[in-house]
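Read the structure below first, then the notes.
The values are calculated or read from the model by the stated rules, or taken from the named source; none is laboratory data. The structure presented is a predicted model; accordingly, all values stated were derived computationally and were not measured. Neighbour counts are summed over all protein chains in view; Cβ atoms, including those assigned to glycine, are modelled from backbone coordinates with ideal geometry.
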Amino acid sequence: MKAIAIQAFGSPEGLAVIDLPDPSPGSGQVLIATEAIGVGGVDTVIRRGALASYGFREGHILGGEIAGTVLTVGQCVDASLIGRRVWAFAGRGGGYAEQAVVPAETLVPLPADISAADAVTLGSSGAVAHFGLGHAHFAPGEAVLVRGAAGGIGVMTVQLAARRGASAVAVTTSSAERGERLRALGATHVVDRAGEGPDVVAGYDVIIDVVAGPHMPSYFARLNPNGRMVVVGVVGGYPPADFGAQLLAAFQKSLSFATFSADTVPQADRRVVIAELFGAAIRGELRSIVHERLPLEQAALAHRKMDAGEVFGRIVLVPSGAG
Ligand SMILES: NC(=O)c1ccc[n+]([C@@H]2O[C@H](COP(=O)([O-])OP(=O)(O)OC[C@H]3O[C@@H](n4cnc5c(N)ncnc54)[C@H](OP(=O)(O)O)[C@@H]3O)[C@@H](O)[C@H]2O)c1
């Protein structure tokens with residue numbers, strides 16, 4: 001089978017199409033013929049080598065989120081799954097391939113009305129948006145800011161916050177054109193990456209932050225009393241080391257700062273929420289934002305587009321012969 005491996009950390013040119021023997025599932029796993037593979041912001045971070053200290057090595061096959069058909073199952077897995085179309089989470093990698101082994105406990109049945117491309121756009125990002133807002137104790141009537149709203153996680157957070165009754169859904173983004181697209185998804189206020197602009201909101205109850213980076217602490221001052229900031233991504237890099245001191249400087253506002261990773265959510269809870277997100281999309285309550293479908297072999301082009309900041313929503317890779 002064809003797969004995409006990181007042959008050398010760094011630029012997208014380090015990604016190579018390779019031939020591998022078809023994998024076989026171990027106990028508790030299933031083998032999936034992929035129809036769609038989501039390209040996430042984290043994939044570019046791993047490709048650059050920035051997560052080598054987390055055990056990602058050259059030779060790694062990227063890709064966490066896939067959808068396709070179950071080909072075979074390993075021991076201790078219900079054989080009736082064979083032939084079913086599913087969404088699945090491969091975890092640390094292995095998804096950029098024509099076939100991928102995934103834990104059976106991650107599978108969510110794919111409703112007939114959801115395409116594989118839509119599924120890999122809604123599933124993981126939507127779960128982070130849902131549980132991230134929950135982690136922030138978001139309540140209807142509160143003002144929300146989504147930092148880094150134009151990516152996969154952001155477009156889902158904007159939609160969920162709007163649908164769940166936020167009094168304001170502000171977004172940071174890099175262009176007016178993106179701002180208009182985010183308004184169409186439910187954003188009420190559009191500000192620049194620094195959080196400034198004519199449309200700025202006086203204070204936020206909740207900030208869902210996909211960016212972090214050096215400017216993160218400047219957002220503490222924009223939180224209302226009892227405001228909560230939850231960092232769900234670090235596309236802008238790590239914050240300055242003294243950010244805790246800057247948080248303490250606003251002590252009298254009783255602010256809360258947290259990180260959130262979907263890894264801490266039990267698989268069963270994630271499956272329920274992802275199935276609900278698919279249902280919401282079928283009912284027209286949630287839009288999947290597929291930036292572009294590209295052949296699996298063009299994964300390097302997908303990464304160049306990500307690096308150039310061109311992508312709104314998600315790029316989806318499609319193996320030849322699929323969908
Ligand atoms: N919490 C979890 O469970 C979880 C799960 C999966 C992934 N992640 C993390 O989420 C992140 C990827 O999310 P994603 O795919 O939604 O993001 P993404 O598409 O890579 O980026 C989101 C947006 O952030 C803006 N941006 C990019 N670089 C920026 C910078 N230096 N400063 C300010 N804004 C910047 C861009 O929009 P504009 O150009 O419009 O500003 C971009 O569209 C990664 O850090 C990954 O590790 C977290």
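Against the test of being closer than 17 Å to His291 by Cβ and crowded, with 16+ Cβ neighbours inside 10 Å, the options Ala67, Ala33 yield a single qualifying residue, Ala67. Under the condition of being part of a loop (DSSP other than H, G, I, E, B) and among the aliphatic types (A, V, I, L, M), the residues counted in segment 49-60 number 2. When segment 61-116 is filtered for residues that are under 23 Å from the mean Cα position of the chain (by Cα) and assigned to a helix (DSSP H, G or I), the ones remaining, listed by number, are Ala104, Glu105, Thr106, Ala116. Residues in segment 263-272: is at least one without any contact (Cβ under 8 Å) to a residue 60 or more places away in the chain, part of a helix (DSSP H, G or I) and under 30 Å from Arg48 (Cβ atoms)? For segment 263-272, residues without any contact (Cβ under 8 Å) to a residue 60 or more places away in the chain, part of a helix (DSSP H, G or I) and under 30 Å from Arg48 (Cβ atoms): present.
For Ala50, are the conditions met, namely being without any contact (Cβ under 8 Å) to a residue 24 or more places away in the chain and of a type outside the set (Ser, Thr, Tyr)?
Judged against the criteria, Ala50 is a match.
Return the residues of segment 265-304 that are touching a strand residue (DSSP E or B) at 6+ places or on another chain (Cβ under 8 Å), within 18 Å of Leu122 (Cα to Cα) and among the small types (Gly, Ala, Ser); say none if nothing qualifies. Passing the criteria: Ala275, Ser288. Selection of segment 140-161 for residues being touching a Gly at 6+ places or on another chain (Cβ under 8 Å) and either under 12 Å from His130 (Cα atoms) or β-branched (Val, Ile, Thr) (or both) yields Val146, Ile153, Gly154, Val155, Met156, Thr157, Val158, Gln159, Leu160, Ala161. Filtering Val232, Val206 for residues that are crowded, with 24+ Cβ neighbours inside 10 Å and within 12 Å of the ligand (Cβ to nearest atom) leaves a single hit, Val232. Within segment 123-139, the residues that satisfy the criterion of being within 13 Å of the ligand (Cβ to nearest atom), of a type outside the set (S, T, N, Q) and touching a helix residue (DSSP H, G or I) at 6+ places or on another chain (Cβ under 8 Å) are Gly123, Gly126, Ala127, Val128, Ala129, His130, Phe131, Gly132, Leu133. When residues in segment 3-30 are screened for being surrounded by 13 or more Cβ atoms within 10 Å (Cβ to Cβ) and not in a loop (DSSP other than H, G, I, E, B), 12 of them pass. Only a single item in (1) charged (D, E, K, R); (2) touching a residue at least 40 places away in the same chain (Cβ under 8 Å); (3) within 13 Å of the ligand (Cβ to nearest atom) is not met by Asp118, and it is number (3).
So that you can scan it fast, the table gives a plain yes or no per residue for (1) surrounded by 22 or more Cβ atoms within 10 Å (Cβ to Cβ); (2) assigned to a strand (DSSP E or B); (3) away from the ligand (no atom under 12 Å from the Cβ):
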position	(1), (2), (3)
Gly284	no, no, yes
Arg287	no, no, yes
Glu297	no, no, yes
His303	yes, no, no
Ile315	yes, yes, no
Ala322	no, no, yes
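The single condition from (1) in contact (Cβ under 8 Å) with a residue 40 or more places away in the chain; (2) surrounded by fewer than 16 Cβ atoms within 10 Å (Cβ to Cβ); (3) acidic (Asp, Glu) that Asp192 fails is (1). Whenever a residue of segment 140-151 is farther than 18 Å from Arg178 by Cβ and in the same structural domain as Met229 (by TED's automatic domain parsing), its partners that are among the β-branched types (Val, Ile, Thr) and within 16 Å of the ligand (Cβ to nearest atom), lying with C-beta atoms within less than 7 angstrom and at least six residues away or across chains, give the pairs Glu142/Val206. Here is the figure for segment 165-216: residues that are touching an Asp or Glu at 6+ places or on another chain (Cβ under 7 Å) and within 24 Å of Ser261 (Cβ to Cβ) total 5. Restricting segment 235-262 to residues that are within 16 Å of the ligand (Cβ to nearest atom) and not in a loop (DSSP other than H, G, I, E, B), the residue that is surrounded by the fewest Cβ atoms within 10 Å (Cβ to Cβ) is Ala258. The set of residues in segment 140-186 being within 7 Å of the ligand (Cβ to nearest atom) and in a helix (DSSP H, G or I) consists of Gly152, Ile153, Gly154, Arg178. Candidates in segment 209-229 are the residues that are more than 15 Å from the ligand (Cβ to nearest atom) and among the aliphatic types (A, V, I, L, M); of these, the one that is surrounded by the fewest Cβ atoms within 10 Å (Cβ to Cβ) is Ala221.
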